[in-house]
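**Student:** Quick one: the structure is below, questions incoming.
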Amino acid sequence: MLALLAIAFLLILAVSLLSALFLLHPKVPLSFVQIHVGMVTLLPIIALVALVMNDRVVNLGPFRFDSLSWLVAMFVLTIGLIVQRFSIRYIFGDRSYRKYFALLTFTVTFDVLAWLSDDLRLLLLCWGATLLGLTLLIYLKQEWQIARNAALLAGRMLAISWLGLFVAILWIAQETGHWQLSLIVNQASLAQISSWETTCIDLLLIVSVVIPAAQWPFQRWLLDSVVAPTPISAVMHAGIVNAGGMIMARFAPLFSGNITQIILLLIATISVLIGTGIMLVQVDYKRQLVGSTIAQMGFMLIQCALGAYIAAMIHAVLHGIFKSTLFLQAGSAIHHNHQTEPGRQAILPTILGGIIALLTVIGFWQKAPGDGYQWISALILGSSVLLAWKQLIAFSKGLIGRVAGLFLFTGAAVMYSFAHRAFARILGDTVKSGIQPPTPAVILVVFVLLAGSAIAMLAARHRSSTALVVIYLWLVRLGEPKEKLVESHPKYLTQSFSQGGHLS
């Protein structure tokens, strides 16, 4: 049954790609996009059915269908479907309407195929096609110089990332004599790679994951990509910017507690602080969301560096769904711009929220007090609880607002717990835990995260000293676009109008 589902899945995936190419023909009516999107709807449904009934691994040519493959396919295709449904009307009337749907389908399709591939050559080809598709989506409004500049920067950065993965895979295949990932990650194959070669390969893999995840010092390409249409920013979270967790989970046995994990831990920690700071000081809503993404991808890579690959995958999926939704709502963000400073009536609820967050931290940490990952997870979970409590309950207006917020808060907590356990159960046999770095390194990360977050919040809100002002201005400068990505007015629209063209 699973084999039949896998065959049907691949066939519909191929047909949806042909459908997108068919839509490019100018004689095909635009109403055909409804049929195309309806066809795409079948894919996440098949992936969900296969994930629920999955009890074995199915190998189909170069593809490997296991629980991780089905989960990633369902996640990527669900976000792709939501974005396509949203875009039917959002992009309607744009001169690139047909090209947009073709490129979006192209990007999502090859993204899925990359994570289904057991043959590393096919994985490289499909992942390269995904990155190319994303670059072309950013370049969609090619008549706009700003979009061309953003696409050029993204293309260069993503090409470097792909090249790092290419060299790493070529090196692995040369040493092990295999192209199949499932054969490479067993102990017999890994024993053929010397320790210094493993370190070099791990460094190349780190380069290949930190660039798409927009980690320091490569965060600029994602910040500049906000010039692209909002749905494109949303679809980036469908296994592209969060691909780091998937790559690290697949290659987990290569990371055996060497220095590269500490390097990744350091890069991700710095990125969390920079992303959080950008989110706090930016006034542009999309740039706030990008800052948040940088920070969240940093947390995901911290989980990978600590060997908690299942947690990293759960983080990638849940964050991707949440952040895609926020990007699609970006156009209505102005309506939610209300005062969030606590009044006197919010002081006691805020204190209560702090106590609940502290108890959450202590309770989560007590599950495994000797595990460094538990320290980081307790810190992240406690911060999330406090933030959610403040936004949903402490800052709500009136008793009814707070009661409604309490129900939402409780529901979110229950859903988080349910999703975490369900994903852990599904991925338990497919994604293995790794070796965590030395405890002192973990303690240092906890300290830096706490101290850095406190300084960033003080710099964003109070700026009571010269040092805080300097930090504030530095964070603003990090998040602001470069001069070549700013126009006083959209010149390409003026040119199109003067030439009698149709405005997009």
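The values are calculated or read from the model by the stated rules, or taken from the named source; none is laboratory data. Given the structure is predicted, the values throughout are model-derived calculations rather than measurements. Cβ sites come from the backbone with ideal geometry, for glycine too, and all protein chains shown count toward neighbours. Please note that ligands, DNA and RNA were not included when accessible areas were found on the heavy atoms of the full protein model with its side chains. Shrake-Rupley method; radii C 1.70, N 1.55, O 1.52, S 1.80 Å.
**Student:** Are any residues in the range 50-76 within 21 Å of Ala311 (Cα to Cα) and in a helix (DSSP H, G or I), and if so, which ones?
**Tutor:** The answer is Leu51, Val52, Ser67, Leu68, Ser69, Trp70, Leu71, Val72, Ala73, Met74, Phe75, Val76.
**Student:** Residue by residue through the range 408-423, note down the ones that are closer than 21 Å to Met74 by Cβ and open to solvent by 50 Å² or more (accessible area, probe 1.4 Å).
**Tutor:** Correct list: Met415, Tyr416, Phe418, His420, Arg421.
**Student:** If we scan the range 261-272, do we find a residue that is free of Cβ contacts under 8 Å to residues at least 60 places away in the same chain and in a loop (DSSP other than H, G, I, E, B)?
**Tutor:** Checking the range 261-272: not a single residue is free of Cβ contacts under 8 Å to residues at least 60 places away in the same chain and in a loop (DSSP other than H, G, I, E, B).
**Student:** Spot the failing condition for Ser256; the list is (1) modelled with pLDDT of 90 or more; (2) open to solvent by 20 Å² or more (accessible area, probe 1.4 Å); (3) not in a helix (DSSP H, G or I), and only one is missed.
**Tutor:** Looking at each condition in turn, Ser256 falls short on (1).
**Student:** Any chance you could count how many residues in the range 280-309 are in contact with a Gly (Cβ under 7 Å, 6 or more places away or on another chain) and in a loop (DSSP other than H, G, I, E, B)?
**Tutor:** Here the count works out to 3.
**Student:** Out of Leu124, Leu77, Leu158, Leu137, I need the residue that is open to solvent by 10 Å² or more (accessible area, probe 1.4 Å) and either under 28 Å from Phe251 (Cα atoms) or in contact with a helix residue (DSSP H, G or I) (Cβ under 9 Å, 6 or more places away or on another chain) (or both). Which one?
**Tutor:** Working: Leu77 fails: open to solvent by 10 Å² or more (accessible area, probe 1.4 Å); Leu158 fails: open to solvent by 10 Å² or more (accessible area, probe 1.4 Å); Leu137 fails: open to solvent by 10 Å² or more (accessible area, probe 1.4 Å).
On inspection, the qualifying residue turns out to be Leu124.
**Student:** Next up: Just to check your reading of the model, which residue among Ser377, Ser332 is at pLDDT below 70 and either aromatic (Phe, Trp, Tyr) or under 30 Å from Trp216 (Cβ atoms) (or both)? Full working, then the answer.
**Tutor:** On the way: Ser332 fails: either aromatic (Phe, Trp, Tyr) or under 30 Å from Trp216 (Cβ atoms) (or both).
It is Ser377.
**Student:** OK, next. Please indicate, with yes or no, whether at least one residue in the range 272-284 is acidic (Asp, Glu) and modelled with pLDDT of 85 or more.
**Tutor:** From the range 272-284, those acidic (Asp, Glu) are 284; that's our starting set.
Checking which are modelled with pLDDT of 85 or more leaves us with none.
Scanning the range 272-284, I find no residue that is acidic (Asp, Glu) and modelled with pLDDT of 85 or more, so the answer is no.
**Student:** Looking at the range 172-194, which of its residues are surrounded by fewer than 16 Cβ atoms within 10 Å (Cβ to Cβ), within 31 Å of the chain's Cα centre (by Cα) and within 20 Å of Asn258 (Cα to Cα)?
**Tutor:** Selection gives Asn186, Gln187.
**Student:** If only one of Gln499, Gln436 is surrounded by 12 or more Cβ atoms within 10 Å (Cβ to Cβ) and either modelled with pLDDT under 70 or not basic (Lys, Arg) (or both), which one is it?
**Tutor:** After applying the criteria, what remains is Gln436.
**Student:** Condition check: at pLDDT below 85 and either aliphatic (A, V, I, L, M) or not in a helix (DSSP H, G or I) (or both). Does Ala168 satisfy that?
**Tutor:** Judged against the criteria, Ala168 is not a match.
**Student:** From the list Ser233, Ser271, pick out the single residue that is hydroxyl-bearing (Ser, Thr, Tyr) and under 30 Å from Pro44 (Cα atoms).
**Tutor:** Ser233
**Student:** May I ask you to list pairs of residues, at least six apart or on different chains, whose Cβ atoms are under 6 Å apart, with the first in the range 116-135 being β-branched (Val, Ile, Thr) and the second being open to solvent by 10 Å² or more (accessible area, probe 1.4 Å)?
**Tutor:** So the pair list comes out as Thr130/Phe110; Thr135/Gly155.
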